[in-house]
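Report on the structure given below.
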Amino acid sequence: MFPLLPGEFRFRVVLKNRARNQYTILETPLSVPERAPGEVSLGAPVLLYGTEKAEASQYRPYQLGSERLDPNTKRVYALGRPLLAYIPMTSAGPEGRIAMSLFDRETSRPVGE
């Protein structure tokens, strides 16, 4: 995750296998639209495996204050365990809030908020 200025860019990542001296390049155009002053936007949700207190000397990509957020990279879920998600929010003031509702896929009834 990194912030971008509005504009048109070319995004390139070079992955190198040092053991075999091979590499792969991913290159794609990237368009970042202008935002109106004060416009609030939400990023894609990141499902988390859990959270824990981070030491003051540590910095992690997913960290809010002293709370370290652990992304669920293996996409493993268990019944009875809480589902945690982080939703990046930009340009929100201290009064900014996110309200979400969960719906049953089959009945479309709300099951939580």
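The values are calculated or read from the model by the stated rules, or taken from the named source; none is laboratory data. As the structure is a computational prediction, the values presented were derived from the model and not from experiment. Don't worry about glycine lacking a Cβ; one is built from the backbone with ideal geometry, like all the others, and counts go over all protein chains shown. Areas reflect the complete protein model, heavy atoms only, side chains present, ligands, DNA and RNA absent. Shrake-Rupley method; radii C 1.70, N 1.55, O 1.52, S 1.80 Å.
Give the residues of segment 27-63 that are basic (K, R) and either assigned to a strand (DSSP E or B) or open to solvent by 100 Å² or more (accessible area, probe 1.4 Å) (or both), sorted by residue number.
R35, K53
Collect the residues in segment 77-96 that are in a loop (DSSP other than H, G, I, E, B) and either within 17 Å of the chain's Cα centre (by Cα) or surrounded by 11 or more Cβ atoms within 10 Å (Cβ to Cβ) (or both), keeping them in residue-number order. It would help to see each step written out before you state the result.
From segment 77-96, those in a loop (DSSP other than H, G, I, E, B) are 77-83, 87-88, 91-96; that's our starting set.
Answer for segment 77-96, where residues must be in a loop (DSSP other than H, G, I, E, B) and either within 17 Å of the chain's Cα centre (by Cα) or surrounded by 11 or more Cβ atoms within 10 Å (Cβ to Cβ) (or both): L83, I87, P88, S91, A92.
Could you please give the count of residues in segment 1-26 that are surrounded by 10 or more Cβ atoms within 10 Å (Cβ to Cβ) and part of a strand (DSSP E or B)?
Residues that pass the stated criteria total 6.
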